[in-house]
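Since the structure comes first, as structure tokens, the remarks are kept for the end.
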Amino acid sequence: LALTLSKVLKIASKKMSDKEEEEETRRMVSILVKPRDGVDAEALYVKITETIKSQPEYKLKWDEKCKVEDGGTIVASFSIALSADFDEEVMEHIEYMEDEVASSQVTFQTALE
């Protein structure tokens with residue numbers, strides 16, 4: 001059976017869109033960050049979001065704003081490609097800010113499909 005050029009293109013296009021969709025599968029991660037004493041939580045969040053960018057192909061996206069709980073703990077979330085190791089791409093970088101960050105932890109994560 002001979003396939004017409006238009007059928008071949010449709011099949012190729014379908015495979016491309018399936019691959020693009022797979023690449024766009026993302027993970028949502030919620031975190032808590034406890035600033036050190038004397039560190040402004042909102043300013044720290046701005047620094048975190050401006051400093052931690054991850055690899056371009058992972059398309060890290062931070063919430064525009066964070067919530068600051070009593071005691072100064074930052075509650076925030078971000079999304080990142082499902083294929084990314086978010087611990088390596090984000091959490092370790094927060095830990096490296098040891099002069100400003102007392103502790104950090106992941107409170108929730110899920111794949112967005």
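The values are calculated or read from the model by the stated rules, or taken from the named source; none is laboratory data. This structure is a prediction, so every number in the text was calculated from the model and none was measured. Glycine also receives a Cβ, built like all others from the backbone with ideal geometry; neighbour counts cover every protein chain displayed. Quick note on the areas: whole protein, heavy atoms, side chains included, nothing else; ligands and nucleic acids left out. Shrake-Rupley method; radii C 1.70, N 1.55, O 1.52, S 1.80 Å.
Couple of notes before you dig in:
- Search result, residues across the stretch 59-86 that are of a type in the set (D, E) and out of contact with any strand residue (DSSP E or B) (no Cβ under 8 Å at 6 or more places or on another chain): E64, D70, D85
- The single residue among V106, V46 that is touching a helix residue (DSSP H, G or I) at 6+ places or on another chain (Cβ under 9 Å) and β-branched (V, I, T) turns out to be V106.
- A single member of D87, D99 is farther than 13 Å from R26 by Cα, at pLDDT 95 or above, open to solvent by 60 Å² or more (accessible area, probe 1.4 Å) and not in a strand (DSSP E or B), and it is D99.
- Among the residues of the stretch 73-84, those that are out of contact with any helix residue (DSSP H, G or I) (no Cβ under 6 Å at 6 or more places or on another chain) and either in a strand (DSSP E or B) or open to solvent by less than 70 Å² (accessible area, probe 1.4 Å) (or both) comprise T73, V75, A76, S77, F78, S79, L82.
- Complete set of residues in the stretch 20-72 that are surrounded by fewer than 14 Cβ atoms within 10 Å (Cβ to Cβ), of a type in the set (G, A, S) and assigned to a loop (DSSP other than H, G, I, E, B): G38, G71
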